[in-house]
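The values are calculated or read from the model by the stated rules, or taken from the named source; none is laboratory data. Fair warning: this is a prediction, and the values are worked out from it, not measured in the lab. Glycine also receives a Cβ, built like all others from the backbone with ideal geometry; neighbour counts cover every protein chain displayed. Heads up: the accessible areas ignore ligands, DNA and RNA and are worked out on the full protein's heavy atoms, side chains in. Shrake-Rupley method; radii C 1.70, N 1.55, O 1.52, S 1.80 Å.
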Amino acid sequence: GDGYSEAWHKEAEKRGLPNMRTTADALPAFHSKSARDLFNKYAVLSGRELEARYEVLVENYVTVMEIETRTLVQLVRTQVLPAVLRAQEELATTVSATMAADVDCPDTQEELRAYVTKVHELRAAVDALETASHKEFKDQDTQMRFMRDTIVPAMARVRAACDTLEKITPGDVWPLPTYAEILLMK
């Protein structure tokens with residue numbers, strides 16, 4: 001079935017099955033007595049080999065998350081923010097020109113205010129992600145949990161802000177393929 005749906009999460013709980021939703025939740029299972037006993041019983045991995053496998057997987061998870069974080073920050077700073085600021089400037093110019101012509105444009109002014117707010121939300125989200133990504137750790141287990149508990153939600157906030165702006169930014173300004181383009185709907 002679908003291991004991602006809420007229905008499955010409820011079913012797994014009902015059956016008493018472990019339901020580890022993230023890599024950072026699942027990897028510590030390598031430390032369980034049942035895992036050590038199972039791998040040892042069938043001579044698959046010794047205790048030390050199992051621990052080494054765990055360490056490699058944790059290091060890989062942390063490394064991939066660091067790369068994804070840096071990539072997201074760079075993409076937003078070099079592609080998305082410049083584009084939305086151009087769109088913001090165009091909208092502000094429209095408001096200014098309309099008002100200079102002594103024409104009332106409250107809807108467009110409100111649209112500009114709302115757009116500026118969304119751009120600010122994106123900046124705040126990417127700033128928070130970048131700040132969090134510079135934290136130092138004493139060990140990779142702690143860093144893995146930090147990635148799960150702080151970095152992944154911070155990345156989700158950046159994505160949500162980008163998704164909102166994608167919907168309201170003119171297509172000729174938006175620098176990346178849109179969801180509609182990716183799904184070949186446009």
(message) Can you give the local net charge around Glu110? Use residues other than it whose beta-carbon is closer than 15 angstrom to its beta-carbon, Lys and Arg +1, Asp and Glu -1.
(response) -1
(message) Kirkwood Rh over alpha-carbon pairs of the chain, then Stokes-Einstein at 25 °C and 0.890 mPa s: what D in µm² s⁻¹, rounded to an integer?
(response) 121
(message) What number comes out for accessible area per residue over segment 129-186 if the probe is 1.4 Å? Units Å², please.
(response) 65
(request) Give the residue from Ser96, Ile151, Gly171 lying farthest towards the positive end of the charge dipole for segment 78-186; charges sit on Cβ (+1 for Lys and Arg, -1 for Asp and Glu) and the dipole is referred to the Cα centre. (result) Ile151
(message) Compute the distance from the alpha-carbon center of segment 20-91 to that of segment 116-173, in whole Å.
(response) 16
(request) Give the Rg (one decimal place) followed by the Dmax (whole number) of segment 114-186, computed from C-alpha coordinates and expressed in Å. (result) 15.6, 48
(message) Quick check: pseudo-label points 7 Å beyond the Cα along Cα→Cβ at Arg77 and Ala128, how many nm apart are they?
(response) 1.9
(message) Mean-square fluctuation check for the chain, GNM, Cα pairs under 10 Å: which of Gly47, Gly171, Gly16 is largest?
(response) Gly16
(message) Accessible area per residue for segment 45-104 in Å², computed with a 1.4 Å probe and the full protein assembly in place, what is it?
(response) 60
(request) Find, among the chymotrypsin sites (Phe, Trp or Tyr not before Pro) in segment 79-186, those assigned to loop by DSSP (not H, G, I, E, B) with at most 14 other beta-carbon atoms within 10 angstrom. (result) Phe137
(message) If packing is taken as the average number of other Cβ atoms within 10 Å across a peptide's residues, how do 93-102, 27-36 rank, most packed first?
(response) 27-36, 93-102
(request) List the lysines whose Cα lies under 30 Å from the Cα of Lys14, skipping any in the same chain that are fewer than 8 positions away. (result) Lys33, Lys41
(request) Sort all Cα-Cα distances of segment 18-74 into consecutive 5 angstrom bins from zero, then give the percent of pairs in each bin up to the one containing the longest distance. (result) 4, 18, 21, 20, 16, 9, 6, 4, 2, 0
(request) Would you mind calculating the gained length between Thr150 and Ala29 on full extension (0.36 nm times residue separation, minus the Cα-Cα distance), in nm to one decimal? (result) 41.4 nm
(request) Would you mind telling me the share, in percent, of accessible area of the chain contributed by carbon and sulfur at probe 1.4 angstrom? (result) 55
